[in-house]
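For reference, the structure discussed in these notes is given below.
Taken together, the values in this text are just the output of simple stated rules run on the coordinates, not laboratory data. This is a predicted model, so every value here is computed, not measured. Positions of Cβ are generated from backbone atoms using ideal geometry, with glycine treated the same way; all protein chains shown enter the neighbour counts.
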Amino acid sequence: MNDLDIRKVVQEELNNIAPEVDLATIDPAGDLRETLDIDSMDFLNFITAIHHRLGVEIPELDYPKLVTLDGAVAYIAAKLGSSKT
Amino acid sequence: MKPVLDEMCRNLAEAQGVDLSTVTGSGSAGEITYADVERHLGEAVAPPERKRATWLDLDAMRAAIAAAMARSKREIPHYYLEHQVDVMACEQWLTQKNATRPPDNRLLIGALAIKAAALAARRFPAFNGFYRDGKFEPASAVHAGVAIAIRSGGLVAPALHEADQISIDELMARMRDLVQRTRAGRIRSSELSDPTITVTSLGERGVETLYGIIYPPQVAIVGFGKIVTRPWVIDGAIGPRSVVTVTLSADHRVSDGHAGSLFLAEIGRLLQEPDEL
């Protein structure tokens, strides 16, 4: 799974939470909680969905690394990469 | 336009944004009466079961909020109290609990807040129940109305039943289910009328304090603001602590500030011992 595939999954899951936002137009380095107006419950649902779809373990301590679109993609890519070796 | 019985009726319709052409008149010559407008608003407040799939109509929801809040401000003599609570114990407890849990089973601080408010409501019955026909009817169970914001505007507070009785894990699971169903428009109308007290929370963004408006015929609403880091004195020394402002808006026909302050302080005390929640 390359970065583009990961980005697609992340965008799909964010879209489930904030269907009215066009994710192509958001700042990929901006704080998703602000940009998408998501609360802690939405964010937990996002983490849960990523966990189920990609099998990535995301401890709560790592949440700050996933608060931007770019950050989330990089984090998941790194996790998937390290789990292959 | 259909004839309207009197000026009071027209004012109500105007204030609530009711389109009079959609109201059925019950007057002798088909005029619209005050009660007709109220009934029309009432339908928006409690949509019938058959409308379930489509009830997430934001205009109807806005009308329902307008009707309920206008009635509240008209009828309920609110008094307001606030209390700052150190929630570091909750945060540390959650960090420890969640460290070993998969995302499905993780807890949010909002669950602890609801549980604490529900337990306090059981111990202080003057804040849990309904004011109807000129008298207060305490409720035998604590059904916490959880205020849930709808994206793109709108707010509902369906019941988390027996919130004081269930475990924190059960409460969290039900809260997740409630939020999901609410946002999908799959809430039963009974769930909207069941709450005996409302709990509302601003979440992690926004501001520190909110003063809720009581949802009639309930008699109290507890509000949690955003958690902030503040200098705090503990054992004679100043240190940074996570602090949340908890507020109570209560019905002065039923309780007084003295009881309200004890109720609010009890919520703060309960939040110091998350393991007991």
Legend entry - Exercise: per-residue mean of other protein chain Cβ atoms within 10 Å, B:102-108: 5
Legend entry - Sum of -39500 (n - 2.57) over DSSP H runs of 4+, divided by residues of chain B (222 nm, nearest 500): -11500 deg cm²/dmol
Inset, instruction - Using Cα positions and a limit of under 16 Å, work out the aspartates and glutamates in reach of residue A:8, with same-chain residues fewer than 8 apart set aside. - result: A:22, A:27, A:70
Inset, instruction - Can you put B:172, B:69, B:61 in order of Cβ neighbours within 10 angstrom, beginning with the fewest? - result: B:69, B:61, B:172
Legend entry - chain A - mean residue ellipticity at 222 nm from DSSP helices (-39,500 (n - 2.57) per run, n ≥ 4, rounded to 500): -18500 deg cm²/dmol
Legend entry - Cα-centred dipole magnitude for the protein assembly as shown, charges only on beta-carbon of K, R (+1) and D, E (-1), debye, nearest 20: 380 debye
Legend entry - Fewest-first ranking of B:22, B:200, using other Cβ atoms within 10 Å as the exposure measure: B:22, B:200
Legend entry - chain B: DSSP helices with Cα axial extent of at least 18 Å and average Kyte-Doolittle hydropathy no lower than 0.0: B:109-123, B:257-270
Legend entry - Gap separating the Cα centres of segment B:112-134 and segment B:167-214, nearest whole Å: 15 Å
Legend entry - Ranking of A:56, B:219 by count of other Cβ atoms within 10 Å, fewest first: A:56, B:219
Inset, instruction - Ignore the peptide's own chain and count Cβ atoms of other chains within 10 Å of each Cβ in A:54-66; give me the average, rounded. - result: 2
Legend entry - Rounded to the nearest 20 debye, dipole of chain A from Cβ charges on Lys, Arg, Asp, Glu: 480 debye
Legend entry - Lysine pairs with alpha-carbon atoms under 26 Å apart, chain B, spacing 8 or more or separate chains: 5
